[in-house]
Ligand SMILES: NC(=O)c1ccc[n+]([C@@H]2O[C@H](COP(=O)([O-])OP(=O)(O)OC[C@H]3O[C@@H](n4cnc5c(N)ncnc54)[C@H](O)[C@@H]3O)[C@@H](O)[C@H]2O)c1
């Protein structure tokens, strides 16, 4: 089936970026969220990002306006029955995802594909919740989606070759570079990246250095474009904690234990840029 009409579930940090990139590549996108406020925020982020791309000369005024006109928003998840592809980008919570994917899978049209943008949860487990597990795959984008080239494509045990081939074509069509990854906790990039960021929270909690110095250290000493604590604020501290909890539980290895300083900030509702406060403070 050729993919022309798609749905993105979850309009947060990742969902709005995925919708933007896909609309620019010519797809009709329905952006779905349970929270109307998240849809408003998602749409306004897309508008701002497209405006910035136009000002920089990356896209034309016509491309900006056409991409925006291709994106509709709704709280009604039954609209996914019209989609050729559904990408789930809701909160990193296994029970929430299992419930949501079962419901979306039951109304999926014959031949349509389904994917999760999960950062860490088993694709085989998520696929098993759906009645279309052969047409299900992990499609893991990176943040910020419009800027990051990579997409990890993760096959579950049930994923067929034709599903993997169609998803690879889709990822290339939207201008991203796929890598094929076997299903394993947090896949490849987050398995390496998130323990490093978690260790930065351990160092912060131990008082080894200030947040600014830890970030400066990794930028100037290791050539990272952004420090680990600033990156954590960009990712979302709740999402980072959820990823560390999956790594810790699935590998059963204490080296993945989430840092206490990270837990404390999440418990306080300081989730990073999306709440204007995490390790650092941000303007709305
Ligand atoms: N933040 C990152 O850097 C990053 C990178 C790659 C992948 N991911 C993954 O992408 C997914 C989304 O992460 P995020 O950072 O965008 O989270 P987020 O907290 O910014 O947004 C999640 C959105 O999902 C919505 N939602 C919750 N339950 C829903 C439901 N039942 N139906 C529809 N919408 C629902 C919430 O209202 C919220 O708007 C997670 O699986 C996460 O692990 C995140």
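Any read-out appearing in this document is the output of simple, stated calculations on the displayed coordinates, not a laboratory observation. Since the model is a prediction, treat every value here as computed from it, not as a measurement. A quick note on method: Cβ atoms are made from the backbone with ideal geometry, for glycine too, and the neighbour counts reach across all protein chains shown.
Numbers for the structure displayed
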quantity: Cα Rg over Rh - the chain, Kirkwood; calculated: 0.96
quantity: Prolate/oblate/rounded call for the range 171-251, Cα gyration tensor, a/c under 1.5 rounded; calculated: oblate
quantity: Where a label projected 7 Å from the Cα of residue 75 along Cα→Cβ would reach, residues of the range 41-61 with amide N under 14 Å; calculated: 41
quantity: Nearest-0.05 FRET efficiency for residue 1 and residue 212, computed from C-beta distance (R0 45 Å); calculated: 0.35
quantity: Between 0 and 90°, nearest 10: helix 237-251 axis offset from the chain longest Cα axis; calculated: 90
quantity: Cα-projected label distance for residue 257 with residue 160, points at 7 Å along beta-carbon direction, nm; calculated: 4.7
quantity: Relative contact order computed over the range 191-275 (Cα-Cα under 8 Å; 6+ residues apart), in percent; calculated: 34
quantity: Two-site label geometry, residue 93 and residue 268: point separation in nm, points 7 Å out along Cα→Cβ; calculated: 2.3
quantity: Net length gained if the chain between residue 128 and residue 55 were fully extended (0.36 nm per residue, minus Cα distance); calculated: 21.8 nm
quantity: Antiparallel %, DSSP beta bridges [both residues in the chain], to 5; calculated: 20
quantity: GNM top mover of 197, 18, 87 - the chain, alpha-carbon springs below 10 Å; calculated: 197
quantity: Cα pair distances exceeding 13 angstrom across the range 172-215, given as percent; calculated: 66
quantity: Percent RCO, i.e. relative contact order, over the range 5-182, from Cα pairs under 8 Å lying at least 6 residues apart; calculated: 21
quantity: The chain: angle of helix 211-222 to the longest principal axis, Cα-based, in degrees nearest 10; calculated: 80
quantity: Label-to-label distance, nm, for residues given as residue 172 and residue 250 (7 Å Cα→Cβ offset); calculated: 2.7
quantity: Whether the range 43-139 is rounded, prolate or oblate, judged on the alpha carbon gyration tensor where a/c under 1.5 counts as rounded; calculated: prolate
quantity: Burial ordering of 114, 137, fewest other beta-carbon atoms within 10 Å first; calculated: 114, 137
quantity: Gain on full stretching of the segment that runs from residue 41 to residue 276 - 0.36 nm per residue minus C-alpha separation; calculated: 83.3 nm
quantity: With Cα atoms, 0 to 90° folded angle of helix 189-205 axis to the chain main axis; calculated: 30
